[in-house]
Amino acid sequence: MTYGSERVDSEPVKSWITDWDWLDDGWGENAIDIWNDVREQCPVASTERYGRAFMPVTMEAVRQIANDTDNFSSIWVGVARPDAPRHPAPPITSDPPNHHGHRRLILPAFNPKAVASIEPEMRAFCRKLIADIGDSPTADAAEQYSQHIPVHGICIITGLPEEDADLFRDWIYRSFQLAPKDNAVRHQVAVEMTEYIDALLKDRLKNPKDDLLTVVANAQIDGQDVDWMVKVGYIRLQIVAGIDTTWSAIGSGLWHFAQHNDEVQRLIAVPNDHDLWSEATEEVLRYYAPVTMARKVVKDVTVSGCPMHAGDQTLVTFPAANHDPNEFERADEFILDRKNNRHVAFGLGIHRCAGSNLARLEMIVAFQEWLRAFPNYSLDPSTKVTWANGQVRGPRILPVLTNP
Ligand code: HEM
């Protein structure tokens, strides 16, 4: 099939209540303010740009959708043109009863023990990135630091070749920034990724290694071989779920700390195993949660008084729920040592993030190494910070003064 170049309306948003668009230029930097404004007026916003699609902004609405796999399907996990070609990337794109088998297959690679074992390597990698910046008075904390860290982690665990990092980042950019509005881009990215992953999996059949690619190449569920395109989908998911997510979370944290040196000083005064480091990491995850998912509405249903119909799409706006004042005390304050932080940055329900141990390790190590190396760094006022819009939100250009 060929896909034409008809695109979704890219006019600026007229109203965030009735015309929201996660690819609007205003989204990346201002999303938290947008969700807070919407929440003061109604719990669920809508748009007609991608067919009908909803945007819930309260914890109650987000929880209802994430926990209800009868009415909301994961076959569509991103809001896009309704006629967009969709490709399986299980477990994230699968529903019960199939979801469980897919998830069980990939989960061991990300268990706490497997992840903890790569900490020394991740720390050495962060130190090398910092050494490369050296004595330079300026640096880009996104391009020279945060974007590289999750690629290193995912490549160690999966066996994907790290020298192809630019290719992965290009696929991610096109998938999230362009494809929701343009089916031709979505199709082309899928073709390129399938061809690439297919070759790697075939190689692992002949040359097995101790990595997730080998596990996936030979995958069986209940004694049956898994369909080859589903295997390709498992690896596609590792690339699109395991890289820009953590890259965005690290970048958002570094953007925040660049403007709050008092917090940097509190952190670097305590040892790396002090609770303050994990509390601060959880608060970065709550406040700057990067990942917004979506579902296809498969039966007529009402969410917080808002009727949704089969065939509609809805966001599962986990980052907006993290700012709901009914759920968090002083929700709009970043509290470095917040206790009982029950944020939903990693989602909730059966699809809760499979890579959360890895993401947390990468974040904490990245913060410890950067803040100790550059304890007085600040934003560089001469160069603009730019943010990724849409499904995975975070700084992509983050210019800083390393020692102002
Ligand atoms: C800070 C970084 C990360 C955040 C905020 C994040 C967030 C999320 C969220 C919100 C979901 C739920 C999806 C849904 O409900 O539809 C999810 C699922 C998932 N994430 Fe992450 N993620 C991060 C890092 C990672 C990493 C490093 C990996 C490793 C590959 C990963 C792999 C997955 C997988 C495989 C799923 C699907 C689980 C399932 O469907 O059962 N994530 N993630």
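Read the figures in this text as sums done on the coordinates, not as results from a lab. Here the structure is a predicted model, which is why all the values come from computation and not from measurement. Glycine gets a Cβ as well: all are built from the backbone with ideal geometry, and neighbour counts include every protein chain shown.
Taking the Cβ of I106 as the centre, find all other residues whose Cβ is under 13 Å away and add up their charges (Lys, Arg: +1; Asp, Glu: -1).
+3
Starting from the Cα of K14, draw a straight line to each of the lysines and keep only those under 22 Å, dropping any in the same chain fewer than 8 residues away.
Counting by Cα, and skipping residues close in sequence, K14 has these lysines nearby: K181.
Between R52 and N326, what is the FRET efficiency for a Förster distance of 45 Å, r being their Cβ-Cβ separation, to the nearest 0.05?
Computed FRET efficiency for R52 and N326 comes out at 0.95.
In whole Å, what three semi-axes, largest first, describe the equivalent ellipsoid of region 121-214 built from its Cα gyration tensor (square root of 5 times each eigenvalue)?
Gyration-tensor ellipsoid for region 121-214: 28, 22, 8 Å.
Rounded to whole Å and sorted largest first, list the principal axis extents of the Cα atoms in region 27-401.
Here the spans come out as 58, 53, 36 Å, largest first.
Starting from the Cα-Cα distance between V270 and R352, subtract it from 0.36 nm times their residue separation and give me the gain in nm to one decimal.
26.4 nm
Which length gain, in nm to one decimal place, applies between N36 and E162 when the Cα-Cα distance is subtracted from 0.36 nm times their residue separation?
Going from the current span to full extension adds 41.5 nm.
I want to verify the translational diffusion coefficient of region 1-100 in µm²/s; compute it with Stokes-Einstein, Rh as the Kirkwood radius over Cα pairs, at 10 °C and 1.306 mPa s.
The calculation lands on 104 µm²/s.
For Q313, enumerate residues with amide H under 5 Å from its amide H, sequence gap 5+ or separate chain, H modeled in the peptide plane.
Long-range HN contacts for Q313: R52, A53, F54, V297.
For a quick check: with amide H placed at 1.01 Å from N, whose amide H comes under 5 Å from S46's, ignoring anything fewer than 5 positions away on the same chain?
T18, D19, W20, M55
Could you please report the charge total around N341, scoring K, R as +1 and D, E as -1 over all other residues with beta-carbon less than 13 angstrom from its beta-carbon?
-2
Looking only at GluC sites (Glu not before Pro) in DSSP loops with at most 12 other Cβ atoms within 10 Å, what is the longest site-free stretch of the chain?
Longest stretch, sites excluded: 49-328.
Where the centre of each part is set by its Cα atoms, how far does region 219-271 sit from region 50-102, in angstrom?
So the separation of the two Cα centres works out to 20 Å.
Please work out the Cα convex hull volume for region 279-370 and give it in Å³ per residue.
Dividing the Cα hull volume of region 279-370 by its residues yields 110 Å³.
Sticking to Cα atoms, compute the Rg of region 233-298 to one decimal and its Dmax as the biggest Cα-Cα distance, whole number, in Å.
15.5, 52
How far apart, in nm, are two points set 7 Å out from the Cα along the Cα-to-Cβ line at I397 and at K299?
Placing both labels 7 Å along Cα→Cβ, they lie 4.9 nm apart.
Neighbour counts of other C-beta atoms within 10 Å: give me H100, H343 arranged from fewest to most.
Ascending number of Cβ neighbours within 10 Å: H100, H343.
What's the magnitude of the charge dipole for the chain around its Cα centre, counting Lys and Arg as +1 and Asp and Glu as -1 at the beta-carbon? Answer in Debye, nearest 20.
For the chain, the charge dipole is close to 820 debye.
Whole number please: convex hull volume per residue of the Cα set in region 277-326, in Å³?
Cα-based convex hull of region 277-326, divided per residue, equals 83 Å³.
What FRET efficiency would be calculated for the residue pair D70, S382, taking the C-beta separation as r and a Förster radius of 45 Å, to the nearest 0.05?
0.25
What distance in nm separates the simple spin-label points at D83 and E143, each placed 7 Å from Cα in the Cβ direction?
Distance between the two pseudo-spin positions: 3.9 nm.
On full extension of the chain, what length is gained from D337 through D170, given 0.36 nm per residue of separation minus the C-alpha to C-alpha distance?
56.5 nm
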